[in-house]
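Below is one structure, written out as structure tokens, with a few remarks after it.
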Amino acid sequence: MICAINGPKQDNTTNLQFAIRQVNADVNSTTISFRYYGQEGYWFRIVKDSYLEANGKKYKLTAADGITLDENNYPKLKAAATTEGILGKLYFTDFTLTFEPFDVIPSVFDFKEGDREGAFAIRNITIEK
């Protein structure tokens with residue numbers, strides 16, 4: 001979770017298990033580095049219909065690195081040295097999603113995991129210019 005504090009400002013209150021660590025936006029693409037935290041054996045899924053939204057426009061997901069889209073993914077690395085309590089069962093995995101480039105790089109944007117019921121969003125993600 002500390003990555004969300006040290007990474008770009010973001011509102012991930014709809015799913016605290018995801019933290020955006022870094023955003024890179026240029027004329028070719030927008031890449032977002034994520035960290036997912038979960039208990040050992042718990043899975044997460046990112047759908048191929050995920051997108052970014054800025055200035056009223058949607059920017060499609062074009063690639064994923066470190067996870068497989070539309071499939072169960074499991075956290076791979078132990079998050080703490082302890083074996084006791086909840087931290088002893090906490091794992092994480094890092095992955096990167098690539099999106100279409102922004103027409104104009106915004107100061108803030110939203111990540112949406114599709115439009116279906118139950119999809120989560122990370123809102124008000126900042127880009128340092």
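A few comments on the model shown:
- Test set (1) open to solvent by 90 Å² or more (accessible area, probe 1.4 Å); (2) touching a Leu at 6+ places or on another chain (Cβ under 8 Å); (3) part of a loop (DSSP other than H, G, I, E, B) - residue 58 fails condition number: (3)
- Residues that are assigned to a loop (DSSP other than H, G, I, E, B) and within 15 Å of residue 33 (Cα to Cα), drawn from segment 114-127: 127
- Of everything in segment 96-114 that is hydrophobic (A, V, I, L, M, F, W, C) and closer than 11 Å to residue 126 by Cβ, the residue that is least open to solvent (accessible area, probe 1.4 Å) is 109.
- Taking the numbered list (1) in contact with a Ser or Thr (Cβ under 7 Å, 6 or more places away or on another chain); (2) of a type in the set (Ser, Thr, Tyr); (3) outside any strand (DSSP E or B) in turn, residue 42 passes all entries but (1).
- Only a single item in (1) in contact with a strand residue (DSSP E or B) (Cβ under 6 Å, 6 or more places away or on another chain); (2) of a type in the set (D, E, K, R); (3) part of a loop (DSSP other than H, G, I, E, B); (4) modelled with pLDDT of 95 or more is not met by residue 9, and it is number (4).
- Check on residue 62, touching an Asp or Glu at 6+ places or on another chain (Cβ under 9 Å) and either aromatic (Phe, Trp, Tyr) or modelled with pLDDT of 95 or more (or both): yes
- Lone qualifier among 128, 71 - being in contact (Cβ under 8 Å) with a residue 24 or more places away in the chain, surrounded by fewer than 11 Cβ atoms within 10 Å (Cβ to Cβ), in contact with a Lys or Arg (Cβ under 8 Å, 6 or more places away or on another chain) and of a type in the set (D, E, K, R): 71
The values are calculated or read from the model by the stated rules, or taken from the named source; none is laboratory data. It should be emphasised that the depicted structure is a prediction, and the values quoted were computed from it without experimental measurement. Heads up, the Cβs are rebuilt from the backbone with ideal geometry, glycines too, and the neighbour counts pull from every protein chain shown. Just so you know, the surface numbers come from the protein's heavy atoms only, side chains and all, with ligands and any DNA or RNA stripped out. Shrake-Rupley method; radii C 1.70, N 1.55, O 1.52, S 1.80 Å.
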